[in-house]
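Structure first, then comments.
The values are calculated or read from the model by the stated rules, or taken from the named source; none is laboratory data. In this text, all values refer to a predicted model and were calculated from it rather than measured experimentally. Using ideal geometry, Cβ is built from the backbone for each residue, glycine included, and neighbour counts are taken over all protein chains shown. Areas reflect the complete protein model, heavy atoms only, side chains present, ligands, DNA and RNA absent. Shrake-Rupley method; radii C 1.70, N 1.55, O 1.52, S 1.80 Å.
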Amino acid sequence: MVKEFAAGFGVLAKGFGYFRREPGYLVLGLVPAAIAFVLLVAALIGLGLALPGLVDWATPFADGWQEAWRNLFRISVSVVAFGAAAVLSAIAFTAITLVIGDPFYEQIWRAVEEDLGGDVPETGSGFWRTVVDALELIALGILVAIAAALLGLIPVVGGVVGAVLGVVLTGNLLARELMTRAFESRGIPSAERRALIRSQRWRVLGFGVATQLCFLVPLGAIATMPAAVAGATVLARRLLDGASGPGADAGPGAAPDAGPGAAPPPAPAADSGTPGPSAG
């Protein structure tokens, strides 16, 4: 479990590694990420400025409390509310960036797919499919933000528990959303996608958590988004190829590696019906 989770971090690293050979695609992917980042930072700054007044308005029952307790309570509520907004912003960033940058990220997705080899779909998931997926992602993100906010209200440990849960749940959503293009382009239904993800859930979660942690670094979201798209394509191909497809785990241009816990590659069939030697 731990090795698979750590391998998810490696998938994101391979996404970054792809752009050492193809830096032009990195520049291409930075444009929509930068636009979405500026929009969300402006929204968070506006929320931060308005939050004290909003909290005062939403908690009239505290007006009669002693000043020290009233201030402590309202500051705590403000911190929790802003934290929940920050959790939601990570989801919204991915959703908005994928919609704005659909043509850009389609090029990155196709370039990585072709680099991995095998059958590559003629078209991606399409713009309107991306919009629908983005709205679904934001709706799920709101639920995650509410859960993190409620946990944050628990005395002493609430802040830590809420933050950790927010990163884990948000990372899981990010990973699933970023792999959508590879699945949608092949017409894979939702039930089959869930089964594929369950087959390597810890690697998928590790990839999502690594992406989310990079998003928390100042300006990290802009630099990480193109690499996350590339890494998600590699990860999706690994799942689609049954954890042993050529190059699916090793990343673009690297030698195949089944990875921890992966099934051995299928042996070539022999005329006698006896399984052939392992392909390694």
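Summary of values
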quantity	calculated
Residue tally, condition within 20 Å of Phe5 (Cα to Cα), open to solvent by 40 Å² or more (accessible area, probe 1.4 Å) and not in a helix (DSSP H, G or I), over region 163-200	0
Members of region 203-240 found to be more than 19 Å from Val27 (Cβ to Cβ) and either touching a strand residue (DSSP E or B) at 6+ places or on another chain (Cβ under 6 Å) or outside any helix (DSSP H, G or I) (or both), listed by number	Val217, Pro218
Output for region 48-73, where each listed residue is open to solvent by less than 30 Å² (accessible area, probe 1.4 Å) and either touching a residue at least 24 places away in the same chain (Cβ under 8 Å) or not β-branched (Val, Ile, Thr) (or both)	Leu51, Val55, Ala62
Looking only at region 106-126, and only at residues there that are within 19 Å of the chain's Cα centre (by Cα) and at pLDDT below 75, the one that is surrounded by the most Cβ atoms within 10 Å (Cβ to Cβ)	Ser125
Residues (over 21 Å from Leu178 (Cβ atoms), open to solvent by 50 Å² or more (accessible area, probe 1.4 Å) and touching a residue at least 40 places away in the same chain (Cβ under 8 Å)) located in region 18-47	Ala43
Meets criteria (touching a Ser or Thr at 6+ places or on another chain (Cβ under 8 Å), open to solvent by 50 Å² or more (accessible area, probe 1.4 Å) and under 26 Å from Leu28 (Cβ atoms)) for Ala90	no
Leading residue by the ranking (modelled with the highest pLDDT) among those in region 194-242 that are aromatic (Phe, Trp, Tyr) and under 29 Å from Val38 (Cβ atoms)	Phe207
